[in-house]
1. Out of all the residues in segment 64-107, which are acidic (Asp, Glu) and more than 10 Å from ILE43 (Cα to Cα)?
2. How many residues are at pLDDT 90 or above and either among the charged types (D, E, K, R) or under 13 Å from VAL100 (Cβ atoms) (or both) when one looks only at segment 72-83?
3. Tell me which residues, restricted to segment 66-82, are over 16 Å from LYS92 (Cβ atoms) and of a type in the set (A, V, I, L, M, F, W, C).
4. What number of residues within segment 24-71 are over 23 Å from VAL109 (Cβ atoms), among the β-branched types (Val, Ile, Thr) and at pLDDT 85 or above?
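The values are calculated or read from the model by the stated rules, or taken from the named source; none is laboratory data. Treat the numbers as computed from the prediction; the structure is a model and nothing was measured. Backbone-built Cβ (ideal geometry, glycine too); neighbour counts: all protein chains shown.
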Amino acid sequence: MKLKLATACLVIGTFLAPIAAFAAAEGEVDRAHPMAFVKDSAITVKIKAKLAEEKMNSLVHINVDTDANGAVVLSGNTPNQAESDKAAAIAKATDGVTSVRNDIVIKPVK
């Protein structure tokens, strides 16, 4: 009986070892973990709040996305380059931000 149990554990361990090794080798933070999501959201909220303080008319057209490492991507559109640059500067000056990629498109108001 003990031999069968030991054999079963060995077989199961053999099948699960590559899965455990792959999971340990992943450098990515577990995005399903609540703390990773809270950190991302907190940075996004800080940036959105600072943009709102500036009373930028194009705020509703600017999207802020933050990854687990603090990298921010700004997207959407603004009527001029000055507002795009200002949004990027605000994001860069926010605590917890490690980098900013500005993908905001300039769409002049007609």
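1. Start the filter on segment 64-107 by keeping residues that are acidic (Asp, Glu), which leaves 65, 67, 83, 85, 95, 103.
Selection gives GLU83, ASP85, ASP103.
2. 4
3. Answer for segment 66-82, where residues must be over 16 Å from LYS92 (Cβ atoms) and of a type in the set (A, V, I, L, M, F, W, C): just ALA68.
4. 5
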